[in-house]
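Engineer: Mind having a look at this structure? Questions to follow.
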Amino acid sequence: MLEIHQFPYGDDNYGVLLHCHNSGETAMVDAGDADAGEQALARTGWPLSQIWITHHHGDHTMGLAALKAAHNAHVIGPATGGKPVAGVDQQVDESAHFAFASREVRVLTTPGHTLDMTNFYLPSEKLVFTGDTLFAMGCGRLFEGDAPMMWASLNKLMALPDDTTIYCSHEYTVGNATFALSVDPNNQTLIDRAQQVTDLRIAGESTVPTIMSLEKATNPFLRAGDPGIRSILEMPNDSDAEVFAEIRRRKDNF
């Protein structure tokens, strides 16, 4: 089993270290802050061997050059999109999976937030790193893609097993829960979860990771087919993609 160490940086970002005790290999998911990354490596004592980049935004890449140079790490990042990430050694898309510590890492291209958004799925570990595609009770803003594109990307993630653990890149959960209740107010599972995440944050605890089954039950962006949400939105006969687009529009203006 792989060991995982999640660490915060910036206002609300998370980085993750993934370590195999047997091989000694360590991967870092995103590299937005070199100092925070170095502190996490020092705290764990793990040697950095790979860096996986989900997309080109600075809060995911600003520490890449320093971390790569300091550790001679192999950098894996998006092959798609119009803004190549400087320092990437191996560009990957869904036709080019790779290995980490003798485990398959499947590449999922999930455009919407950006055109180059790339997620990393380890089926043997039931583990996915979703970057800014899927958050706990939320999804990424559509900076470069459009709603149909993002809906297709979210469906790709929803096809993963329900017991898949999800690491996302931001601590947005309390705000996401507040919005979720505005479009899904009668969902008791959501009501209970909203209180739980509020309690976690008051205690200074992270609300990430999450799990796919819980997201399907409480994340409105994955629940476009739900009759209760459709009733609130007055969209009983619209397509799931159209309902998703309206939920995203409302979140943008919430």
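Engineer: Determine which member of the set Asp11, Asp35, Asp30 is modelled with pLDDT under 95 and assigned by TED's automatic domain parsing to the domain that holds Leu67.
Structural biologist: Working: Asp35 fails: modelled with pLDDT under 95; Asp30 fails: modelled with pLDDT under 95.
Exactly one residue qualifies, and that residue is Asp11.
Engineer: Please specify each residue of region 85-111 satisfying the condition of being assigned to a loop (DSSP other than H, G, I, E, B) and over 18 Å from Leu67 (Cβ atoms). Talk me through it step by step, then tell me what you get.
Structural biologist: Of all residues in region 85-111, those assigned to a loop (DSSP other than H, G, I, E, B) come to 85-89, 93-97, 101-102, 110-111.
Within region 85-111, Asp93, Glu94, Ser95, Ala96, His97, Ala101, Ser102, Thr110, Pro111 meet the criteria.
Engineer: A further question follows. Tell me which residues, restricted to region 140-172, are touching a Phe, Trp or Tyr at 6+ places or on another chain (Cβ under 7 Å) and not in a loop (DSSP other than H, G, I, E, B). Don't jump to the end; show me each part of the working.
Structural biologist: Taking region 140-172 first, the residues touching a Phe, Trp or Tyr at 6+ places or on another chain (Cβ under 7 Å) are 147, 151, 154, 160, 167-172.
Scanning region 140-172 gives Ala147, Trp151, Leu154, Tyr167, Cys168, His170.
Engineer: Can you tell which of Ser182, Ser124 is assigned to a helix (DSSP H, G or I) and touching a residue at least 40 places away in the same chain (Cβ under 8 Å)?
Structural biologist: Details: Ser124 fails: touching a residue at least 40 places away in the same chain (Cβ under 8 Å).
None of the other options fit; the residue is Ser182.
Engineer: Next up: Within region 46-62, track down each residue that is of a type outside the set (A, V, I, L, M, F, W, C) and surrounded by 14 or more Cβ atoms within 10 Å (Cβ to Cβ). Walk me through it before giving the result.
Structural biologist: Going through region 46-62, the residues of a type outside the set (A, V, I, L, M, F, W, C) turn out to be 47, 49-50, 54-61.
Correct list: Ser49, Gln50, Thr54, His55, His56, His57, Asp59, His60, Thr61.
Engineer: Now for a separate question. Does any residue in region 17-34 that is within 11 Å of Leu64 (Cα to Cα) come within less than 6 Å, Cβ to Cβ, of a residue that is part of a strand (DSSP E or B) and not hydroxyl-bearing (Ser, Thr, Tyr) six or more places away or on a different chain, and which pairs are these?
Structural biologist: Met28/Leu17; Met28/Ile51; Val29/Val16; Val29/Trp52; Val29/Phe129; Asp30/Gly15; Ala31/Ile51; Gly32/Asn13
Engineer: Can I ask one more? Any idea which of Arg141, Arg230 is in the same structural domain as Asp30 (by TED's automatic domain parsing) and basic (Lys, Arg)? Don't jump to the end; show me each part of the working.
Structural biologist: On the way: Arg230 fails: in the same structural domain as Asp30 (by TED's automatic domain parsing).
Only one candidate qualifies: Arg141.
Engineer: I'd like to know if region 129-145 contains one or more residues that are under 15 Å from Pro220 (Cα atoms) and surrounded by fewer than 18 Cβ atoms within 10 Å (Cβ to Cβ). Break it down stepwise before answering.
Structural biologist: The first filter runs over region 129-145 and keeps only residues under 15 Å from Pro220 (Cα atoms), leaving 133-141.
If we keep only those that are surrounded by fewer than 18 Cβ atoms within 10 Å (Cβ to Cβ) too, we end up with 141.
Among the residues of region 129-145, at least one is under 15 Å from Pro220 (Cα atoms) and surrounded by fewer than 18 Cβ atoms within 10 Å (Cβ to Cβ), which makes the answer yes.
Engineer: Hey, another quick one. Identify all residues within region 137-154 that are within 13 Å of the chain's Cα centre (by Cα) and more than 18 Å from His56 (Cα to Cα); write none if there are none.
Structural biologist: Those that are within 13 Å of the chain's Cα centre (by Cα) and more than 18 Å from His56 (Cα to Cα): Met137, Gly138, Leu154.
Engineer: Tell me, which helices (runs of 4 or more DSSP H) lie completely within region 196-254 with 2 or more residues that are touching a Gly at 6+ places or on another chain (Cβ under 8 Å)?
Structural biologist: Passing ranges, in order: 240-252.
Engineer: Kindly indicate whether any position in region 41-52 is within 19 Å of His170 (Cβ to Cβ) and either within 15 Å of the chain's Cα centre (by Cα) or at pLDDT below 95 (or both). I'd like the intermediate steps shown before the answer.
Structural biologist: Of all residues in region 41-52, those within 19 Å of His170 (Cβ to Cβ) come to 51-52.
Retained after the next criterion (residues that are either within 15 Å of the chain's Cα centre (by Cα) or at pLDDT below 95 (or both)): 52.
Checked against the condition, which is being within 19 Å of His170 (Cβ to Cβ) and either within 15 Å of the chain's Cα centre (by Cα) or at pLDDT below 95 (or both), region 41-52 yields at least one hit.
Engineer: Can you pull out the residues in region 195-254 that are out of contact with any strand residue (DSSP E or B) (no Cβ under 9 Å at 6 or more places or on another chain), of a type in the set (Asp, Glu) and closer than 17 Å to Leu154 by Cβ?
Structural biologist: Of everything in region 195-254, those that are out of contact with any strand residue (DSSP E or B) (no Cβ under 9 Å at 6 or more places or on another chain), of a type in the set (Asp, Glu) and closer than 17 Å to Leu154 by Cβ turn out to be Asp226, Asp238, Asp240, Glu242, Glu246, Asp252.
Engineer: Condition check: surrounded by 18 or more Cβ atoms within 10 Å (Cβ to Cβ), in the same structural domain as Thr130 (by TED's automatic domain parsing) and assigned to a helix (DSSP H, G or I). Does Ala65 satisfy that?
Structural biologist: Working: surrounded by 18 or more Cβ atoms within 10 Å (Cβ to Cβ): no; in the same structural domain as Thr130 (by TED's automatic domain parsing): yes; assigned to a helix (DSSP H, G or I): yes.
For Ala65, the condition - surrounded by 18 or more Cβ atoms within 10 Å (Cβ to Cβ), in the same structural domain as Thr130 (by TED's automatic domain parsing) and assigned to a helix (DSSP H, G or I) - is not met.
The values are calculated or read from the model by the stated rules, or taken from the named source; none is laboratory data. Please read these numbers as outputs of a predicted model, since none were measured by experiment. Positions of Cβ are generated from backbone atoms using ideal geometry, with glycine treated the same way; all protein chains shown enter the neighbour counts.
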